[in-house]
Every structure is written in structure tokens, then in C-alpha cells.
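First up is the structure itself, then whatever we jot down about it.
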Amino acid sequence: MNITTFIIIALIIIAIFILISIYNQLVRLKAQFKNAFAQIEVQLKRRYDLIPNLVETAKAYLKHESETLIKVTEARNQAISALKNASADPTNGQNIQALNRAEQNLNRNMSGLNLQLEAYPDLKASTNMMQLSEEITSTENRVSYARQAYNDAVTSYNIALKTFPAVFIAPLVGHTEEGKLLEFEDSAQIQSAPKVNFN
């Protein structure tokens, strides 16, 4: 075997190892951001499960503001639907954007409910309401941490997708679409954990 043939075979073997390495890295990073989304899903489901309890507890006091309770319930249902779609395929950017919009709507309606609740000191002093407040605040903090972990995983995947030589190889091995960050438009509010404060 002459030196040219040896060099050509060596280059082919190196190219194959690079291709396999890049493919494996992209698969690993994509799996990590899907797993990170699963953690968000757990926390959002917990949050959605707490909202009906909050609405039910407030219902007796907010008879004249029932429209607010209806809006919160509808926003929760829309968020559940958006979460279900996003959970089915967290790599689908449209599903993630729909979840972003649904969460923004839910947060806006929860803020409206919080304003209504401020007018009822007896309700704020209720043991049930204080427990719900604590659970919701705790869950919001967990959602925030899980969202940050998800966004970090998506960012790592997107960077790997755009770096050389992966930028040329990724489309050939089925990694054509970047992951979408989960960015609620009211992220400043999320960072400070939207609270139902009854103290």
C-alpha cells in the first residue's frame, strides 16, 4: 500500500469518527433538553392542579367577581392544552411558543385574581388560602428553576448545532431545527415568582 492510499484511508476514518462524534453529541444534547422540558412539565402540572383549589377557596368571597375566576379557569385550561401539545414534542418550536403565550395569559389572569383577593382580608387570613399561597409560590420558584435548566439545555444544543463542523453535518443527520427557548414574555415577573401573598 502506498502512502497516498494510506493517507486517504486515514482521512476517511477520521472523517467517519468526526461524523459519529458530532451525531452522538447532537443526540445527547437533544435528549437533555427534552428531559429538561419534562421537569418543567411536572412543575407546571403541579401548578395547574393548585389553581382550581385557589379558585374554589376564593369563590365564596368573590361572588361579584366571578368573571375573574372564570378567566383564570379558562386560562388554566388553555395552558394545560398548550403544555400537552408541547410535551408531545418539545422540539417543535410552534408548540413551545404556544405554551409561552398560554403561560403569559395565565400569569396575567392570576395577577388579576391576586388584585381582587387583596380586597378580602378575611380570605387572606384563611388557613387554606395561606397554605395555597405558600404552595403556589413554591411551585412558581420550581417552574422558574426548571425553565432555566431547560433554556440552558436548549442553548447548549443550539450552540452545538451552529458550530463548525456540526453546522454542515447536522442537516445531513436529521438535526435541522433549533430548539426554542421557553421565554414567557413577562419573564421579569416570572423571575420574581408571581405570588399570591396573604400575609
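Within the stretch 108-131, none of the residues are within 18 Å of ALA38 (Cα to Cα) and without any contact (Cβ under 8 Å) to a residue 60 or more places away in the chain. Restricting to the stretch 76-93, and then to whatever is among the hydroxyl-bearing types (Ser, Thr, Tyr) and not in a loop (DSSP other than H, G, I, E, B), can you tell me which residue is surrounded by the fewest Cβ atoms within 10 Å (Cβ to Cβ)? Looking at the filtered set, the residue picked out is SER81.
Evaluate the stretch 177-199: report whether one residue or more is more than 30 Å from ALA60 (Cβ to Cβ), within 18 Å of the chain's Cα centre (by Cα), of a type in the set (S, T, N, Q) and modelled with pLDDT of 90 or more. Scanning the stretch 177-199 turns up no residue that is more than 30 Å from ALA60 (Cβ to Cβ), within 18 Å of the chain's Cα centre (by Cα), of a type in the set (S, T, N, Q) and modelled with pLDDT of 90 or more.
Among the residues making up the stretch 158-177, a single one is within 18 Å of GLN97 (Cβ to Cβ) and in a helix (DSSP H, G or I): ASN158.
Which one is farthest from SER133 (Cα to Cα), of the residues in the stretch 57-74 that are aliphatic (A, V, I, L, M) and in a helix (DSSP H, G or I)? The extreme case among them is ILE70.
Go through the stretch 83-104 and give me each residue that's aliphatic (A, V, I, L, M) and free of Cβ contacts under 8 Å to residues at least 60 places away in the same chain. Residues satisfying the conditions are LEU83, ALA86, ALA88, ALA98, ALA102.
On the given criteria, is THR155 touching a residue at least 24 places away in the same chain (Cβ under 8 Å), within 26 Å of the chain's Cα centre (by Cα), in a helix (DSSP H, G or I) and surrounded by fewer than 18 Cβ atoms within 10 Å (Cβ to Cβ)?
Against the criterion (touching a residue at least 24 places away in the same chain (Cβ under 8 Å), within 26 Å of the chain's Cα centre (by Cα), in a helix (DSSP H, G or I) and surrounded by fewer than 18 Cβ atoms within 10 Å (Cβ to Cβ)), THR155 qualifies.
Within the stretch 39-75, restricting attention to residues that are of a type in the set (A, V, I, L, M, F, W, C) and over 14 Å from ILE136 (Cβ atoms), the residue that is surrounded by the fewest Cβ atoms within 10 Å (Cβ to Cβ) is ALA60.
For every residue, the table says whether it meets (1) open to solvent by 60 Å² or more (accessible area, probe 1.4 Å); (2) closer than 15 Å to VAL55 by Cα; (3) not in a helix (DSSP H, G or I).
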| residue | (1), (2), (3) |
| --- | --- |
| ARG101 | yes, no, no |
| SER111 | no, yes, no |
| GLN116 | no, yes, no |
| LEU123 | no, yes, no |
| SER133 | no, yes, no |
| VAL143 | no, no, no |
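The values are calculated or read from the model by the stated rules, or taken from the named source; none is laboratory data. Just so we're clear, the structure is a prediction, and the values are computed from it rather than from any experiment. Cβ coordinates were reconstructed from backbone atoms using ideal geometry, including for glycine residues, and neighbour counts include every protein chain displayed. Ligands, DNA and RNA are excluded from the accessible area calculation, which covers all protein heavy atoms including side chains. Shrake-Rupley method; radii C 1.70, N 1.55, O 1.52, S 1.80 Å.
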